[in-house]
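Since the structure comes first, as structure tokens, the remarks are kept for the end.
Computed from the coordinates by the stated procedures, all read-outs in this text should not be read as laboratory data. Model, not experiment: these values are computed from the prediction. When we count neighbours, we look across all protein chains shown, and the Cβ atoms used for this are built from the backbone with ideal geometry, even at glycine.
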Amino acid sequence: METDQLGRASSLLMLADLYRKQGKNREAEPLYLQALSIYEQEVEADHPLMATSLNALAFLYHKQRKYREAEPLYQRALTIRKHRLGTNHLDTAISLNNLAACYLEQGKGTEAEPLLRSALTIRERLLEANHLDIATSLNNLAFFYHQRRKYVEAEPLYRRALVIREEQLGPQHSDTAFVLNNLVVCYQEQGKVVEAEALLLRSLASHSQQEET
């Protein structure tokens, strides 16, 4: 391996990430492509650095809804991580979750569900029970079931995600409110008006307490 080239690729990725977070996708894309090209020349085809580069470029395309470009890159990254890191690694869970999201946005629910479940299983196995990444996986899987009106499956997942985010972030945080809103809608669609009302009243009460302190 040529250390200088790998260092350049790393710097390109970091700069591309910075541009992407600023919404400068046109500036970010050629840098991601340059970094990937360097890794393709300098490391093995299944090296973890390849997976990182592939995932980063896929994420850029994904956020632009360029699913045809994103999906195969996510798939390659996942294959590498499964092979080199195993099916019990947090980076593998990230790839599973990203590819699942890409599938879902294309209406490929059948392909997405097992990936969402696998990502949740890995995180539950490796992280503490109240870790925020577990809450994210719980909410993602719950939303998948919710969209398909599988309320029995969705509701307990939403509740678990809400408990974690309330504990870790507080009831006023936007991520907590996002899960709470999902659960309220889930209740309403089932005709559980009492449960929905109680949840909203509890949320309002917590906001009022915060304003008084």
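Numerical summary
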{"quantity": "By average C-beta atoms within 10 angstrom, highest first, the peptides 49-56, 32-39", "calculated": "49-56, 32-39"}
{"quantity": "Full-extension gain in nm, LEU200 to ASN181, via 0.36 nm per residue minus C-alpha separation", "calculated": "6.0 nm"}
{"quantity": "Correct option for mean projected area of the Cα convex hull in nm² [calculated from the coordinates] among [x] 17.9; [y] 12.1; [z] 13.8", "calculated": "[z]"}
{"quantity": "Local electrostatic count, ASN25, Cβ distance below 13 Å [Lys/Arg +1, Asp/Glu -1]", "calculated": "+3"}
{"quantity": "Cα-based shape type of region 127-213, given that a ≥ b ≥ c are square roots of the gyration tensor eigenvalues and the cut on a/c is 1.5", "calculated": "oblate"}
{"quantity": "Karplus (6.51, -1.76, 1.60) ³J(HN,Hα), θ = phi - 60°, over region 171-179, in Hz, Gly and Pro reported as x", "calculated": "x, 8, 5, 4, 5, 5, 4, 4, 5"}
{"quantity": "Residue-by-residue Karplus 3J(HN,Hα) for region 81-96, coefficients 6.51, -1.76, 1.60, Hz, glycine and proline x", "calculated": "5, 4, 6, 8, 9, x, 8, 10, 9, 5, 5, 5, 4, 4, 5, 4"}
{"quantity": "Highest to lowest packing among 85-93, 168-176, 98-106, scored as the average C-beta count within 10 Å", "calculated": "98-106, 85-93, 168-176"}
{"quantity": "Neighbourhood net charge (15 Å Cβ-Cβ; Lys/Arg +1, Asp/Glu -1) for GLU155", "calculated": "+3"}
{"quantity": "The chain: angle of helix 132-147 to the longest principal axis, Cα-based, in degrees nearest 10", "calculated": "70 degrees"}
{"quantity": "Amide H contacts of THR87 (H built 1.01 Å from N, under 5 Å, at least 5 apart or other chain)", "calculated": "none"}
{"quantity": "Kirkwood Rh, Cα atoms: Rg over Rh of region 1-114", "calculated": "0.98"}
{"quantity": "Cα-based helix-to-principal-axis angle, 48-63 vs the chain, degrees rounded to 10", "calculated": "60 degrees"}
{"quantity": "The chain: relative contact order in percent, alpha carbon pairs under 8 Å with at least 6 residues between", "calculated": "10 percent"}
{"quantity": "Per-residue HN-Hα couplings for region 3-17 [Karplus 6.51, -1.76, 1.60; θ = phi - 60°; Hz; x = Gly/Pro]", "calculated": "4, 4, 5, 5, x, 5, 4, 4, 5, 4, 4, 5, 5, 4, 4"}
{"quantity": "Environment charge at TYR61 (Cβ cut-off 10 Å; Lys +1, Arg +1, Asp -1, Glu -1)", "calculated": "+1"}
{"quantity": "Lys pairs under 23 Å by Cα in the chain, provided they are eight or more residues apart or on distinct chains", "calculated": "9"}
{"quantity": "Structure-based [θ]222 nm, the chain - -39500 (n - 2.57) summed over DSSP H runs of at least 4, per residue, nearest 500", "calculated": "-28000 deg cm²/dmol"}
